[in-house]
Amino acid sequence: MKNQLLSMKEKAENALKNAKNLQDLEDIRVGLLGKKGELTAILRGMGGLSAEERPIIGQLANEVRSFIEEKIEAQKSVLLAAERSEKLKAETLDVTMGGRTPIIGKTHPLTTVLDEVKNIFVGMGFSIAEGPEVEYDYYNFEALNIPKDHPARDTQDTFYINDNVVLRSQTSSVQIRVMEEQKPPIRVIAPGRVYRSDAVDATHSPVFHQIEGLVVDKGITMGDLKGTLETFMKTLYGNDAVLRFRPHHFPFTEPSAEVDVSCFVCGGKGCRVCKGEGFIELLGAGMVHPKVLERCGIDTSVYSGFAFGLGLERIVMRRMNIDDMRHLYENDLRFLNQF
Ligand code: DAH
């Protein structure tokens, strides 16, 4: 029995060394010290021992039991510590590690300048109007005094959905929609996308943006138009900006003008940017044609109005010194990040 106990002790030591986890430990404990374990089985033979042997074997058995129990406890703390450090390693968070900088977007140059333009006009008491980009021929042409056979349609050739529906070629269509819905006094700007069947080059795109302006009230004159545009341009380009009105023709205004601003590079002396002119063409404008007002049910013996339309791309390009319009649409971050 003594040998049995000693070999059990040795066996326990080896088994415990190989125990890889807490479950292994428990299995070993049950197998050796449990009710149906090896020790119990050995001790069952105690009955056959002599009175002298019995206490000696009993003491040995107790020693073996506490030896094994201690070993199990010791191994348990080793395994627990290992498990803990394993877990810590897996959950490591290096607070000193540099973070990933999120890419923060910014507004597109077109949006930046449009916001600026809107702010200037809102500051003058204008509100913002909107109209559809897919528009009836009536609003885009007919109501603006441009009937089907009018030559002005040539320069504004656009994309036809059918005979009566087009992709609008100008934001002037919004003038009509506003006048149909609102009674004077009217003071709106209408920014938006417009379309023309133009080939793409440095200064043309089949899709671009315009900002329309419309004011209708009692006693509105060309002087109001000049004052409004001058305030706008000086706010945008600085107090030195000088406006120049040139007579022009638009079917929906009478009289009509094209408006130039003194070159912001040379101040009017003439340079490469203004092609020696000293001025840069900026927009079309005029007094709203009485036929246009009347078609919208506005009494021209009481009311008059002015309108203007400017190209957003042109302002942005001049503003930010961009020499090719295509840059504005290509979404190349190397370009966009410069602004
Ligand atoms: N719609 C014109 C164009 O695209 C620009 C324009 C001219 C708008 C005169 C106006 C205006 O409101 O009065 O060429």
| Lone unmet requirement of (1) in a strand (DSSP E or B); (2) of a type in the set (A, V, I, L, M); (3) surrounded by 15 or more Cβ atoms within 10 Å (Cβ to Cβ) for residue 161 | (3)
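Could you list, in sequence order, the residues of segment 87-123 that are polar (S, T, N, Q) and over 30 Å from residue 212 (Cβ atoms)?
Answer for segment 87-123, where residues must be polar (S, T, N, Q) and over 30 Å from residue 212 (Cβ atoms): 92, 96, 101.
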| field | Residues within segment 240-257 that are assigned to a loop (DSSP other than H, G, I, E, B) and either within 21 Å of residue 220 (Cβ to Cβ) or in contact (Cβ under 8 Å) with a residue 60 or more places away in the chain (or both), tallied | value | 2
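For segment 289-324, name all the residues that are closer than 16 Å to residue 273 by Cβ, more than 16 Å from the ligand (Cβ to nearest atom) and in contact with a strand residue (DSSP E or B) (Cβ under 7 Å, 6 or more places away or on another chain).
Result: 318, single match.
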| query | Which pairs have Cβ atoms under 7 Å, sit 6 or more apart or on different chains, and link a residue in segment 176-188 that is in contact (Cβ under 8 Å) with a residue 24 or more places away in the chain to one that is assigned to a helix (DSSP H, G or I)? | reply | 176/139; 176/143; 176/144; 177/139; 186/178; 186/179; 188/178
| field | Enumeration of residues in segment 73-120 that are touching an Asp or Glu at 6+ places or on another chain (Cβ under 9 Å) and not in a helix (DSSP H, G or I) | value | 107
| task | State all residues of segment 218-239 that are among the hydrophobic types (A, V, I, L, M, F, W, C) and assigned to a helix (DSSP H, G or I); if no residue qualifies, say none. | result | 222, 225, 229, 232, 233, 236
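To keep it simple, each residue is scored yes or no on (1) buried (at least 20 other Cβ atoms within 10 Å of the Cβ); (2) assigned to a helix (DSSP H, G or I); (3) in the same structural domain as residue 301 (by TED's automatic domain parsing); (4) within 14 Å of the ligand (Cβ to nearest atom).
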| position | (1), (2), (3), (4) |
| --- | --- |
| 157 | no, no, yes, yes |
| 166 | yes, no, yes, yes |
| 173 | yes, yes, yes, yes |
| 180 | no, yes, yes, no |
| 190 | yes, no, yes, yes |
| 193 | no, no, yes, yes |
| remark: Condition set out of contact with any Lys or Arg (no Cβ under 8 Å at 6 or more places or on another chain) and among the hydroxyl-bearing types (Ser, Thr, Tyr), scope segment 162-215, selection farthest from residue 117 (Cα to Cα): answer is 197
| query | Just a yes or no: is a residue in segment 198-210 touching a Pro at 6+ places or on another chain (Cβ under 7 Å) and at pLDDT 95 or above? | reply | yes
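Of all residues in segment 280-318, count the ones that are among the charged types (D, E, K, R) and either surrounded by fewer than 15 Cβ atoms within 10 Å (Cβ to Cβ) or farther than 19 Å from residue 202 by Cβ (or both).
4
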| task | Any residue in segment 75-95 that's more than 15 Å from residue 18 (Cα to Cα): show its pairings with residues that are at pLDDT 90 or above at Cβ separation under 7 Å, as long as the two are six or more apart or on different chains. | result | none
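Among the residues of segment 229-249, is there at least one that is within 13 Å of the ligand (Cβ to nearest atom) and β-branched (Val, Ile, Thr)? Steps first, answer last, please.
In the first step, residues of segment 229-249 are kept if they are within 13 Å of the ligand (Cβ to nearest atom); the result is 229, 245-249.
So of that shortlist, the ones also β-branched (Val, Ile, Thr) come out as none.
There is no residue in segment 229-249 that is within 13 Å of the ligand (Cβ to nearest atom) and β-branched (Val, Ile, Thr).
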| What are the residues in segment 28-62 that are part of a helix (DSSP H, G or I) and surrounded by 15 or more Cβ atoms within 10 Å (Cβ to Cβ), if any? | 28, 29, 31, 32, 33, 38, 39, 42, 43, 57, 60, 61
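Here is a yes/no grid of residues against (1) surrounded by 19 or more Cβ atoms within 10 Å (Cβ to Cβ); (2) free of Cβ contacts under 8 Å to residues at least 12 places away in the same chain:
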site	(1), (2)
208	yes, no
221	no, no
224	no, no
229	yes, no
234	no, yes
259	yes, no
278	no, no
| note | Of the residues in segment 125-151, those that are within 32 Å of the chain's Cα centre (by Cα) and farther than 16 Å from residue 165 by Cβ come to 125, 126, 127, 128, 129, 130
| Any pair with Cβ under 7 angstrom, 6 or more apart, that starts in segment 282-303 at a residue that is of a type in the set (Lys, Arg) and ends at one that is in a helix (DSSP H, G or I) | 295/143
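The values are calculated or read from the model by the stated rules, or taken from the named source; none is laboratory data. These numbers come from a predicted model, not from an experiment. Neighbour counts run over all protein chains shown; Cβ positions are idealised from the backbone, glycine included.
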